[in-house]
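So the structure is just underneath, and the comments pick up after that.
The values are calculated or read from the model by the stated rules, or taken from the named source; none is laboratory data. Bear in mind that the values here come from a model prediction, so they are computed numbers and not experimental data. Backbone-built Cβ (ideal geometry, glycine too); neighbour counts: all protein chains shown. Ligands, DNA and RNA are stripped out before the accessible areas are found, and what is left, the full protein with its side chains, is counted by its heavy atoms. Shrake-Rupley method; radii C 1.70, N 1.55, O 1.52, S 1.80 Å.
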Amino acid sequence: MHFILLVILVTCQICTSTVLFRLTSKNPNVSIDFAYFLGTIHVIQDRIWPYFSNETINILNESEEIWVEHDFTDPHVSKHIYECAIAKMTPKLQSRIREKTWSEFLNETSNNNSSQSNNTEQWRTWFIKKQSTTNNYLSRNRTIGNDIIFDHRIILEGYLNKKFVGSLESIPDDCFQIVNPINGTDSWKPINSKQENFLSLLYNCGLVADDFINEIYKYLDLIKMKYRNQQMMKQIRKLLQTNPHKKYLFAVGSAHLFGNISIIQMLQEQYQNDYHIERLNITNPYFTQQNCSDNEFQRLINEMNFVSNNTIGKRFLNNELFNQLSASFF
């Protein structure tokens, strides 16, 4: 089945650009001073950040604690990411890297009498530790550049401004950042720059909403999605109960905030007498109707070369592309 993107484009009013929700208390005896949900998209940050409204930037600046799915800069999380990166490498690639670093490994571990055949596991442990300590990409002190994703910049901005940054999820058993987040296979490929342009336009033009995410749900592992949302929801509930006067910003992939198994839906259903959650109508001053026109979307779709050949007027995205793009919201 094909996803009719441009039908949604035609029927959607370009008014609410940022995926931003505010949570307030329904209980007259409990005051929640400041709690917001920011839906993110896993693309390079400079495609999103420069186009934030002043209202959104103010919420980011005023927050005291920022909670994300996983804080990439946490040493335990970054170690897990490097472990998964090694696990995903082909044996040929692992062998090539091991050959190039073997002398350094022997020197630093005093294993001069060791052979490659019986010390591969030791090398793997050494290499992961080496990457964790020398690779600057996941460092909290690194410069905010154009090579980091949107979620990563939120984390770095938090530390830069002396805020507390926490992880809503525990480190998973599987390789959540490496294998396909949709079906757990290695068939998923990273999105390219043209696909990032398209996804960024969707986000900046306010098309990330229930209709769009419901289509994405067709490509997600809903059992895993529901479990993850439950874990994050429980952590959010605990935070709001423990210290409701803190100024919280919860920044998670947009797909976690829409639909009947979303974090927001769970909070509203399980604690319907406690919380009121509304999406804020914050316009994007940098994206006009012309920026978000049918022609602009059509141009970007055609550029991606994933348009199905047998569709009327090339107005549909095929399943292969949509399956690939879905991971950016997960």
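Sort 210, 74 from largest to smallest accessible area, using a 1.4 Å probe on the heavy atoms of the protein chains.
210, 74
Run the simple label-point estimate for residue 273 and residue 294 please: 7 Å along Cα→C-beta, distance reported in nm.
Computed distance between label sites residue 273 and residue 294 equals 5.0 nm.
Using the Cα gyration tensor of segment 28-133, with a ≥ b ≥ c the square roots of its eigenvalues, what is the shape: rounded (a/c below 1.5), prolate (a/b larger than b/c) or oblate (neither)?
It is prolate, given that a/c is not under 1.5 and a/b is the larger ratio.
To the nearest 0.05, what FRET efficiency results for residue 159 and residue 29 with a Förster distance of 30 Å applied to their C-beta separation?
Efficiency, rounded to the nearest 0.05: 0.30.
Which FRET efficiency value, to the nearest 0.05, do you get for residue 22 and residue 218 by plugging their Cβ-Cβ distance into 1/(1 + (r/R0)^6) with R0 = 22 Å?
Step by step, r from the Cβ atoms, then E = 0.15.
Which residues in segment 70-112 place their backbone N less than 20 Å from a point set 7 Å from the Cα of residue 142 along the Cα-to-Cβ direction?
Of the residues in segment 70-112, 70-89 have backbone N under 20 Å from the label point off residue 142.
Using a 7 Å offset from Cα along Cα-Cβ at residue 101, what residues in segment 125-165 end up with backbone N under 13 Å from the label point?
Counting backbone N atoms under 13 Å from the label point, the list is 125-136.
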